[in-house]
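Participant: Let me give you the structure first, and then I'll get to my questions.
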Amino acid sequence: MPPLAVGIGAVVASAWVGGAVLGATIAGVTIGLAGAAFIGGLAGAAVSMIGSALIGFPSEPGISEYAQGALLNRAGNVEPIPVIYGSRRVGGCRVFMGARGDNNEYLDIVMAVCEGTISNFHTVYFNDIPSTDARFENLHDIRKYWGTDDQAADSLLVSNQPDWTTNHRLRGVAYLGIWLKWDQNTFSGGLPAITVDTDGQKIFDPRDSTTKFSNNPALCIRDYLTNTRYGRGIPADMIDDDYFQSAANYCDENVTVGGVVQKRYTCDGIIDVDGDAMANMNNLLSSCRGMLVFSGGRYRLIIDKPGVATFAFTENNITGSWNISLGTKKNMFNRIRGRFFNPEKSWAMDIAVVDSADLRAQDNGVVLEKQIDLPFTANINTTKQITTINLNQSRQQIVCQFTAFLAGLRCEVGDVVTITHSTPGWSAKKFRVLDISLKNDDEVIVAAREYADSVYDFGTIAASDSAPDTNLPDLSTAKPPTGLTAAEEIYHTTNEFVTKLNVSWTPPADAFVSSYDVEYKLASVSDWTYATNTKASFAIIEFLAPGAYDIRVRSINTILVPSIWAILNNVSIIGVGMIADPTNYQETITNPGMGDVYVGEDIIHPTHY
């Protein structure tokens, strides 16, 4: 696979500032008002790239359709298999389903989730409800495979499904083997949506030469660059690990954001392997405000962070040919909305807003708003941290390009430098180098962007309630009934005495409960017998033989979600046969009253025992 840099060369304008649409030449200085399309070489000049920021902040990351639909279940054998970096909840692709059992009550499912080898599968969910919930007891089984290259076929599938053989190993694919047992109440809506909390790829860490799970952005970016299966396949000797290790250490540093001490940057997201490689890399870089730099024949990762000036450009080493972009309000903001995937909201897409009243006051009260996507950020505080830095940096828009003597090669792409020159009127003004190219006359072309230490001060970000409370009902659970009681009753019909069990309960404080399931069993056995489903708060179980019984009742809500069972143990049934002379319990009623029930010429007058 060719290196990522092929076809990019020294052009970085699209990644940093856009194109200049309006400009003028004043005293030999070309001044643009909107961008810097001139970066990457002077018109007509023969140049050779020395170093270039290939891609990176503040370019425009995006959330792919695949990532937006990551919680959905798909079906087929040609669907792309994603790569998961860090932790995410995802659905999967059903690559096999087969029924079995005397009445086809069991369904075997093979759910391919992602590329292996991953670190772990955690909780599996059926319709967003943990599979460990009591309602799914004895109705499922889950086997987990991490996607190793030597994994064996699932033995249960091999035994139960003739179409699944020992050759169906799914090597390199992390997947779930699941069987579900049909239950009308539990799976009344049909096949449930299945999702799983996943710790993704095990990746190489050059700091200790180990391969393990990590959500460090620098290590995830390195893995995507070098991986020959799903990445760019760049040889390891083209990776400058000194820079990647330094970036990894910076990402791992603790910061306090929103009152929480946490790692500075983490990377938790999904790579669409069928998507554009540059877009994938750009999205990964967004998680740490990184720049991918190609310099000296090697790839470097540079984090956009505070720096100390390493070189001074002055009139002694600048030869001229200035191009300056001043920027416009189109790229200046006082409010930024950052979109990210929020684990506190079941990994749904969420928005964190950073708003500056001070900057808006400078803009005469006009709201200058922008939305950015952070597809590999999964923390609301980190999202606010990144968007705050973006907000600050939008006020540092000057981009310049000039030629200098070979002394300019003492600095590198990503370095902070100072520029002192009378033409633009700058005195030790700080810039960050974006690009360095060598001309054929032993001069260099330097492109740089305005720099300020204050950009990286994200200030005091208020703690956020990332999952605020709501008054809307949660229909994924139903409250169980309480106060379960049961009493035996013997009554006389036309021809005989009959025993029955009157069961009653207190309805839960849940307006969405619509009915109740009632079941019973002898206390000495394990299998329950279905009695009835009723909308009332009582039920009658008839024709029970003498013995000790267990009774259970559960609520069913309007979308057929059941509650846990309310259970009453060891209810004693005496039965008619245990009464010495049942006729002694029949009453002669000479004055029938209200509530007496007539059957033919007999009056049934219930008596409780």
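Participant: If amide hydrogens are placed 1.01 Å from N in the peptide plane, which non-local residues have theirs closer than 5 Å to the one on H140?
Facilitator: Residues meeting the amide H criterion: K181.
Participant: Further question: Where does each of L285, L176 land when they are ranked from fewest to most other beta-carbon atoms within 10 angstrom?
Facilitator: Ordered from fewest to most neighbouring Cβ atoms within 10 Å, L285, L176 come out as L176, L285.
Participant: Express the relative contact order of the stretch 92-192 as a whole percentage, based on alpha carbon pairs under 8 Å and six or more residues apart in sequence.
Facilitator: This gives 35 percent for the stretch 92-192.
Participant: Hey, what do the phi angles of the stretch 195-205 turn into as Karplus ³J(HN,Hα) couplings, whole Hz, using 6.51/-1.76/1.60 and θ = phi - 60°, x for Gly and Pro?
Facilitator: Listing the rounded values in order: 10, 8, 6, 10, 8, x, 3, 7, 10, 7, 10 Hz.
Participant: Would you please give the FRET efficiency between A407 and D274, computed as 1/(1 + (r/R0)^6) with r the Cβ-Cβ distance and R0 = 41 Å, to the nearest 0.05?
Facilitator: With R0 = 41 Å, the Cβ-Cβ based efficiency is 0.30.
Participant: If you don't mind, there's one more thing I want to ask. Taking the highest mean first, how do the peptides 124-130, 338-344 order by number of other beta carbon atoms within 10 angstrom per residue?
Facilitator: The most tightly packed comes first, giving 338-344, 124-130.
Participant: In nanometres, what is the gap between the two model label sites at L475 and T256, each 7 Å from Cα along Cα-to-Cβ?
Facilitator: Inter-label distance under the simple model: 4.5 nm.
Participant: What does the C-alpha gyration tensor say about the overall shape of the stretch 122-194? Classify as rounded when a/c is under 1.5, otherwise prolate if a/b is larger than b/c, or oblate.
Facilitator: Prolate, since a/c reaches 1.5 and a/b exceeds b/c.
Participant: Sticking with this one: Using θ = phi - 60° and the Karplus curve 6.51 cos²θ - 1.76 cosθ + 1.60, what whole-Hz ³J(HN,Hα) does each residue of the stretch 272-277 get, with Gly and Pro shown as x?
Facilitator: Result, ordered by residue: 8, 5, 8, x, 5, 5 Hz.
Participant: Also, quick follow-up: Can you classify the stretch 298-421 as rounded, prolate or oblate using the Cα gyration tensor, where a ≥ b ≥ c are the square roots of its eigenvalues, rounded means a/c under 1.5, and otherwise it's prolate if a/b beats b/c and oblate if not?
Facilitator: In terms of gyration-tensor shape, oblate.
Participant: Relative to a virtual label point 7 Å from the Cα of R100 in the Cα→beta-carbon direction, which members of the stretch 159-196 show backbone nitrogen distances below 17 Å?
Facilitator: Flagged as within label range: 159-169, 176-182.
Participant: At a threshold of 8 angstrom on Cα-Cα distance, excluding pairs fewer than six apart, so keeping six or more, what relative contact order does the stretch 236-385 reach in percent?
Facilitator: The value is 26 percent.
Participant: Among K330/K429; K329/K429; K345/K535; K144/K202; K181/K202; K181/K500, which pairs are too far apart, with a Cα-Cα distance over 26 Å?
Facilitator: K345/K535; K181/K202; K181/K500
Participant: Between S572 and H122, how many nm apart are label points set 7 Å from Cα along the C-beta direction?
Facilitator: For S572 paired with H122, the spin-label model returns 5.0 nm.
Participant: Got a sec to turn the phi values of the stretch 433-445 into Karplus ³J(HN,Hα) couplings, 6.51 cos²θ - 1.76 cosθ + 1.60 with θ = phi - 60°, whole Hz, x for Gly and Pro?
Facilitator: Per residue, the Karplus-derived 3J(HN,Hα) values read 6, 9, 7, 9, 10, 9, 7, 7, 10, 6, 10, 10, 9 Hz.
No value in this document is a laboratory result; all are computed from the given coordinates. Here the structure is a predicted model, which means the values were calculated and not measured. When we count neighbours, we look across all protein chains shown, and the Cβ atoms used for this are built from the backbone with ideal geometry, even at glycine.
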